[in-house]
Amino acid sequence: MATNRTFTMLKPDAVEKGHIGAILEKITASGFRIVALKLTQMTTADAKAFYAVHKERPFYGELVDYMTRGPIVAAILEKDNAVEDFRTLIGATNPAEAAEGTIRKLYAASIGENAVHGSDSDDNAAIEGAFHFSGRDMF
Ligand code: CMP
C-alpha cells in the first residue's frame with residue numbers, strides 16, 4: 001500500500017547554484033508538506049552507504065565524490081501518493097529526457113549531476129528518511 005511520505009535531497013550542484021529556495025517553493029506549491037528539513041554535508045562513508053545499491057556501477061566513485069563535495073538539503077515530504085507524485089515532479093534521471101516543467105528539466109545539468117533525489121519506493125523512503133533524521137526531527 002502506498003504511504004504518504006517520501007525522502008528527497010537537493011544535491012550539491014543545486015545548492016552551489018543557489019536553487020534551494022526555488023526548488024523548495026516548487027515542492028511546496030505542488031502540494032508536499034515539509035515533515036523534516038536540514039542543510040547538511042554527507043561524509044564519504046555516508047554517501048557510500050546511502051548509494052550502496054550502486055556500488056558495482058561504473059559511476060559509483062564519481063557519484064560518491066559528487067554527493068560529498070558540498071552541502072545538500074535533506075527533507076522528508078508528505079502528500080498522498082508521495083513517492084510516485086514526487087518522482088513525477090522531479091522528472092527522469094537524465095535531465096535531457098525529463099518532461100518540461102520538472103525540477104530536473106529546470107535545474108539539472110546532466111545524468112550525473114541531476115539536482116535532486118527522490119525515493120523510488122515506500123520502503124526506501126522510510127530507510128532514507130531514517131538515514132538522515134531521527135524521529136524528534138520529524139514534524
Ligand atoms: P538518483 O537516481 O537520485 O540516484 C542515483 C544517482 O546516480 C543518480 O541520481 C545520478 O546522480 C547518478 N547516476 C545515475 N546514472 C548515472 C550515470 N549513467 N552516470 C553518472 N551518474 C549517474
When you scan region 108-127, how many residues do you find that are buried (at least 22 other Cβ atoms within 10 Å of the Cβ) and in a helix (DSSP H, G or I)?
1
Considering only region 102-124, how many residues are more than 9 Å from the ligand (Cβ to nearest atom), more than 18 Å from GLY21 (Cα to Cα) and free of Cβ contacts under 8 Å to residues at least 24 places away in the same chain?
1
Among the residues of region 12-25, is there at least one that is under 18 Å from ASP120 (Cα atoms) and in contact (Cβ under 8 Å) with a residue 24 or more places away in the chain?
no
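Does any residue of region 76-89 turn out to be among the β-branched types (Val, Ile, Thr), crowded, with 16+ Cβ neighbours inside 10 Å and within 14 Å of MET9 (Cα to Cα)?
Narrowing region 76-89 to residues among the β-branched types (Val, Ile, Thr): 76, 83, 88.
Of the ones still in play, those that are also crowded, with 16+ Cβ neighbours inside 10 Å are 76, 83.
If we keep only those that are within 14 Å of MET9 (Cα to Cα) as well, we get 76, 83.
Among the residues of region 76-89, at least one is among the β-branched types (Val, Ile, Thr), crowded, with 16+ Cβ neighbours inside 10 Å and within 14 Å of MET9 (Cα to Cα), which makes the answer yes.
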Residues located in region 42-70, provided they are touching a strand residue (DSSP E or B) at 6+ places or on another chain (Cβ under 9 Å) and assigned to a loop (DSSP other than H, G, I, E, B)
MET42
Which condition number in (1) in a strand (DSSP E or B); (2) more than 21 Å from THR6 (Cβ to Cβ); (3) not charged (D, E, K, R) is the one that ILE34 fails?
(2)
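Have a look at ALA92, ALA99, ALA130, ALA82 and point out the one that is within 14 Å of the ligand (Cβ to nearest atom) and hydrophobic (A, V, I, L, M, F, W, C).
Details: ALA99 fails: within 14 Å of the ligand (Cβ to nearest atom); ALA130 fails: within 14 Å of the ligand (Cβ to nearest atom); ALA82 fails: within 14 Å of the ligand (Cβ to nearest atom).
Exactly one residue qualifies, and that residue is ALA92.
Laboratory data are not the source of any read-out in this text; all were calculated from the coordinates shown. No experiment lies behind these values; they were computed from the predicted model shown. Reconstructed Cβ throughout: ideal geometry from the backbone, glycine too, with neighbour counts over all protein chains shown.
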